[in-house]
1. For the range 77-122, give me the residue count where each residue is closer than 20 Å to residue 35 by Cβ, assigned to a helix (DSSP H, G or I) and touching a strand residue (DSSP E or B) at 6+ places or on another chain (Cβ under 6 Å).
2. Just need a number here: residues in the range 52-76 that are assigned to a loop (DSSP other than H, G, I, E, B) and either touching a helix residue (DSSP H, G or I) at 6+ places or on another chain (Cβ under 7 Å) or modelled with pLDDT of 80 or more (or both).
3. Applying the selection to the range 96-109, what residues are within 12 Å of the chain's Cα centre (by Cα) and either within 12 Å of residue 31 (Cα to Cα) or touching a residue at least 40 places away in the same chain (Cβ under 8 Å) (or both)?
4. Could you tell me whether residue 125 is over 14 Å from the mean Cα position of the chain (by Cα), surrounded by 12 or more Cβ atoms within 10 Å (Cβ to Cβ) and either assigned to a strand (DSSP E or B) or at pLDDT below 90 (or both)?
5. Among the listed residues 17, 43, 26, which satisfies the condition of being modelled with pLDDT under 90 and either under 15 Å from the mean Cα position of the chain (by Cα) or under 30 Å from residue 121 (Cβ atoms) (or both)?
């Protein structure tokens, strides 16, 4: 049994973080992240407590005058998301770990495909902030 020859093309794009609600930190030393507070109407305490244990703190409404706030925690909130902050250095370190993990996963997949006789071409994608 022979397979028709085909090529798998892999394009790597490095995409920067996107703020779906359009609120960015006024300070370069601080990074923001929206954290979900519920999934399908059920509270998601894991996402929030995981961030808090990692040193994330709530963004206070006075930082962004037009942002919605939650009286109880005095944090910026939009729908089922709450805005949290951490140092930019920490966030960049975590992103670097995630990129490294993704690169390793991709390399493993490519190696497995090549072991099966499938040609893999890697193209350099565009990079954004």
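1. 2
2. 7
3. Within the range 96-109, just 99 meets the criteria.
4. yes
5. 17
The values are calculated or read from the model by the stated rules, or taken from the named source; none is laboratory data. Owing to the predicted nature of the structure, the values given are computational and were not obtained by experimental measurement. Cβ coordinates were reconstructed from backbone atoms using ideal geometry, including for glycine residues, and neighbour counts include every protein chain displayed.
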